[in-house]
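One structure below.
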Amino acid sequence: MLFILLYNPNRTRKYKKQSRRGSTRDTINLTPFSEIQVPLPLLPEQSRIATVLSWFDDLIEVKKKQNEILEKTAMAIFKNWFIDFEPFKDDEFVYNEELGREIPKGWEVKRLGDVAEVIMGQSPPSKFYNEEGIGIPFIQGIGQFGKYTPQTLVFCSCKGKLARLHDILITVRAPVGELNLADGEYIIGRGVASLRTDYWSFLFIYFSFNKELLKSLEKGTTYDAIVKDDLEGFSILLPPPHILQSFHSLVEPLFQKIILNQKQIMTLRKVRDTLLPLLVFGKLRVEEM
């Protein structure tokens with residue numbers, strides 16, 4: 001069977017340092033690198049360890065697939081309601097010049113700034129950054145974005161621009177228009193903006209469908225970016241409040257489950273990665289069943 005190769009990081013770094021060769025760039029010859037000794041348990045215990053680790057991997061995959069189904073369901077409902085207008089086919093429609101299409105009567109095109117608070121990030125001095133968990137998690141840009149929610153190891157110990165639970169996080173510097181949902185409080189740097197609204201599920205999917213329109217607002221000579229005025233002026237097709245509330249009530253639980261699954265995925269990965277070296281180096285043993 002193929003077993004996971006795990007090495008002692010400290011030992012390997014020391015070996016790499018001793019094995020470096022090259023005049024302008026350090027290199028490691030494959031032969032000495034292949035001679036690094038890696039302690040492995042006996043095959044029966046390797047099999048038991050692999051079974052334990054596979055349980056974590058399988059559970060992570062189940063939750064990832066759940067999230068994909070939940071997201072597709074929310075997107076399908078949005079498309080049915082707000083792009084195809086299926087539930088409103090029998091309503092009166094009027095032509096909207098700004099959109100260049102007919103929309104249900106009573107619906108309006110509004111500025112994003114009229115329906116959400118736009119908070120542009122501002123990066124605190126780097127001396128306040130740390131990876132020891134001191135302060136509030138910090139997001140600088142796309143590098144700390146996960147699939148649905150942020151994944152950052154950096155914290156900030158001073159005050160800054162704050163994103164709150166269920167804020168929509170959007171990258172405003174290259175790349176522009178990537179989205180995440182805040183699953184808690186975060187300090188946001190200059191590469192991120194936070195959109196705060198009661199109807200966050202609607203706006204999150206709206207921007208997911210309109211990423212290209214967001215990217216069309218990019219400006220800049222050295223890098224692409226969106227400024228606050230452009231974000232606040234972004235056009236949103238908005239239904240009457242009772243329709244918006246009905247949609248939010250229907251879709252919000254789907255995103256709440258996605259957020260919960262993401263937290264559980266991160267916890268499972270952390271536990272798995274903590275167990276791995278303990279099991280391989282014999283500090284924890286998997287008893288024979």
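Of all residues in the range 171-199, how many are in a strand (DSSP E or B) and among the hydrophobic types (A, V, I, L, M, F, W, C)?
Kept after step one, since they are in a strand (DSSP E or B), are these residues of the range 171-199: 171, 173, 179-181, 186-188, 192-196.
Then keep just the ones that are among the hydrophobic types (A, V, I, L, M, F, W, C); that gives 179, 181, 187-188, 192-193, 195.
Number satisfying all stated conditions: 7.
List the residue pairs whose Cβ atoms are under 8 Å apart, where the first residue sits in the range 99-125 and is free of Cβ contacts under 8 Å to residues at least 24 places away in the same chain, the second is hydrophobic (A, V, I, L, M, F, W, C) and outside any loop (DSSP other than H, G, I, E, B), and the two are 6 or more positions apart or on different chains.
The qualifying pairs are Glu102/Phe93; Glu102/Val94; Lys105/Phe93; Lys105/Val94.
Please determine whether any residue of the range 260-268 is among the β-branched types (Val, Ile, Thr), free of Cβ contacts under 8 Å to residues at least 12 places away in the same chain and over 23 Å from Gly189 (Cβ atoms).
For the range 260-268, residues among the β-branched types (Val, Ile, Thr), free of Cβ contacts under 8 Å to residues at least 12 places away in the same chain and over 23 Å from Gly189 (Cβ atoms): present.
Of the numbered conditions (1) of a type in the set (A, V, I, L, M, F, W, C); (2) loosely packed, with under 13 Cβ neighbours inside 10 Å; (3) within 30 Å of Asp91 (Cβ to Cβ), Ile134 fails exactly one; give the number of that condition.
For Ile134, the failing item is (3).
Do any strands (runs of 3 or more DSSP E) entirely within the range 48-165 hold 2 or more residues that are among the charged types (D, E, K, R), and if so, which?
101-104, 108-111
Which members of the range 253-277 meet the condition of being under 13 Å from the mean Cα position of the chain (by Cα) and either outside any helix (DSSP H, G or I) or under 16 Å from Asp58 (Cβ atoms) (or both)?
Matches in the range 253-277: Asn261, Ile265.
Which count do you get for residues in the range 233-261 that are charged (D, E, K, R) and at pLDDT below 95?
Of the residues in the range 233-261, 0 are charged (D, E, K, R) and at pLDDT below 95.
Within the range 51-72, is even one residue at pLDDT below 95, loosely packed, with under 13 Cβ neighbours inside 10 Å, more than 30 Å from Gln256 (Cα to Cα) and in contact with a strand residue (DSSP E or B) (Cβ under 6 Å, 6 or more places away or on another chain)?
no
With the requirement that a residue be closer than 19 Å to Lys127 by Cβ and of a type in the set (Ser, Thr, Tyr), what does the range 145-185 give you?
Thr152, Ser157
Checking Phe93 against (1) more than 25 Å from Tyr186 (Cβ to Cβ); (2) exposed (fewer than 13 other Cβ atoms within 10 Å of the Cβ); (3) in contact with a Lys or Arg (Cβ under 9 Å, 6 or more places away or on another chain), only one condition comes out false. Which one?
Failed condition: (2).
The values are calculated or read from the model by the stated rules, or taken from the named source; none is laboratory data. All values derive from a computational prediction rather than experimental measurement. Every residue, glycine among them, receives a Cβ derived from its backbone with ideal geometry; neighbour counts consider all protein chains shown.
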